[in-house]
Amino acid sequence: MASRKESAASGSNPLDSPVKLIQIDGLVVLKIIKHYQEEGQGSEVVQGVLLGLVVEDRLEITNCFPFPQHTEDDVDFDEVQYQMEMMRSLRHVNIDHLHVGWYQSTYYGSFVSRALLDSQFSYQHAIEESVVLIYDPIKTAQGSLCLKAYRLTPKLMEICKEKDFSPEGLKKACIGFELMFEEVPIVIKNSHLINVLLLDLQEKSTVADKHELLNLSSSNHLEKSLQLLMDRMDDMSQDIVKYNTYCRNLTKQTQQKQQYLQRRQQENAQRQSRGEPPLPEEDISKMFKPPQAPARMDTLLIAGQINNYCQNIKEFTSQNLGKLFMAEALQGHNS
């Protein structure tokens, strides 16, 4: 950690991400999957802490532990104290205890939210190298492990620090939904003994159906993804209506202000021609208070989630189209 800070202070570009690659132990992946299987149900989200260390521009995640499930009635539960006690216990048994991020499960790719943004900003602001791992149990259950790592971009970090989410602030920062999160490549690493064990287990495997990946049924997954996409499109439409209403009110108020100033100029000119003193100056800003601009960060998050849904649907349909073309070719060959 110290070497990272020294290299950053020695003249490297502060806008460059300090993490270029994430190396995860296979045990960590199994713990995350087990955590969801034991406590996650449907759309319920499970979360936990990632532990490890930073080696040059590589983040090595060597351990993790889950956040316990608790309700609002558990007023005595202190989440920060729980994390500190867990890391202290791991340090006593000589296990990596440095906090390097957190993980979270997702439901059909629905993870781009204000809660995730605020949590990751807190982690990344306190620990520069921290990341968030997003685990998708739906895709994993279909035979393809889906585990992705994200960080907030430097532009978004600056906006969150300034807390300026107005249309003018976001426009000045030149940030769009595609520049909010950056994905960091992941490599899963196992020891040689574990690799030997996996090969031995693979030879002894007695799986009855080894052709699950060739299953052509896709209606349920695609239907749910499209339903979630339509719901977010409705949210986007409502935000657009709010922003258009704000623009109309702002334009209307600007016209009223200009008309008022013109009338005062004309009245002062008439008073001057009659030899009377001009009207006293008035604070225009108090008379015409500008309408409250809607926060645009939520709209950016909705756009980012819509883009995520579209990418998932594109990936899913491309895989299934390949299966359908292959099945058609096999059917034609057999006939």
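The values are calculated or read from the model by the stated rules, or taken from the named source; none is laboratory data. Predicted, not measured: the structure shown is a model, and the values here were computed from it. All Cβ positions, glycine included, derive from the backbone under ideal geometry; neighbour counts span all protein chains shown. Just so you know, the surface numbers come from the protein's heavy atoms only, side chains and all, with ligands and any DNA or RNA stripped out. Shrake-Rupley method; radii C 1.70, N 1.55, O 1.52, S 1.80 Å.
Out of curiosity, is Thr299 farther than 27 Å from Asp118 by Cα, open to solvent by less than 90 Å² (accessible area, probe 1.4 Å) and hydroxyl-bearing (Ser, Thr, Tyr)?
no
Going through Ile138, Ile95, Ile127 one at a time, which residue ends up being without any contact (Cβ under 8 Å) to a residue 40 or more places away in the chain and open to solvent by 10 Å² or more (accessible area, probe 1.4 Å)?
Among Ile138, Ile95, Ile127, only Ile127 is without any contact (Cβ under 8 Å) to a residue 40 or more places away in the chain and open to solvent by 10 Å² or more (accessible area, probe 1.4 Å).
Could you tell me whether Lys189 is of a type in the set (Lys, Arg) and modelled with pLDDT of 85 or more?
Yes: the conditions hold for Lys189.
Note down all Cβ pairs under 6 Å where the first residue falls in the range 273-292 and is under 24 Å from Ser166 (Cα atoms), the second is modelled with pLDDT of 80 or more and polar (S, T, N, Q), and they're at least six residues apart or on different chains.
Note: pairs meeting the criteria are Phe288/Gln253; Pro291/Asn249.
Among the numbered conditions (1) at pLDDT below 90; (2) in a strand (DSSP E or B), tell me where Val45 comes up short.
Looking at each condition in turn, Val45 falls short on (2).
Scan the range 153-174 and give yes if some residue there is surrounded by 16 or more Cβ atoms within 10 Å (Cβ to Cβ), outside any strand (DSSP E or B) and among the hydroxyl-bearing types (Ser, Thr, Tyr), otherwise no.
yes
Can you spot a residue in the range 4-12 that is touching a strand residue (DSSP E or B) at 6+ places or on another chain (Cβ under 6 Å), part of a helix (DSSP H, G or I) and either at pLDDT below 90 or over 18 Å from Leu133 (Cβ atoms) (or both)?
Yes: one or more hits.
Do we find that Tyr243 is touching a residue at least 12 places away in the same chain (Cβ under 8 Å), open to solvent by 50 Å² or more (accessible area, probe 1.4 Å) and of a type in the set (Ser, Thr, Tyr) in this structure? It would help to see each step written out before you state the result.
Working: touching a residue at least 12 places away in the same chain (Cβ under 8 Å): yes; open to solvent by 50 Å² or more (accessible area, probe 1.4 Å): yes; of a type in the set (Ser, Thr, Tyr): yes.
Against the criterion (touching a residue at least 12 places away in the same chain (Cβ under 8 Å), open to solvent by 50 Å² or more (accessible area, probe 1.4 Å) and of a type in the set (Ser, Thr, Tyr)), Tyr243 qualifies.
Within the range 312-331, is there a residue that is under 30 Å from the mean Cα position of the chain (by Cα), among the polar types (S, T, N, Q), part of a helix (DSSP H, G or I) and under 21 Å from Ile134 (Cα atoms)?
There is at least one residue in the range 312-331 that is under 30 Å from the mean Cα position of the chain (by Cα), among the polar types (S, T, N, Q), part of a helix (DSSP H, G or I) and under 21 Å from Ile134 (Cα atoms).
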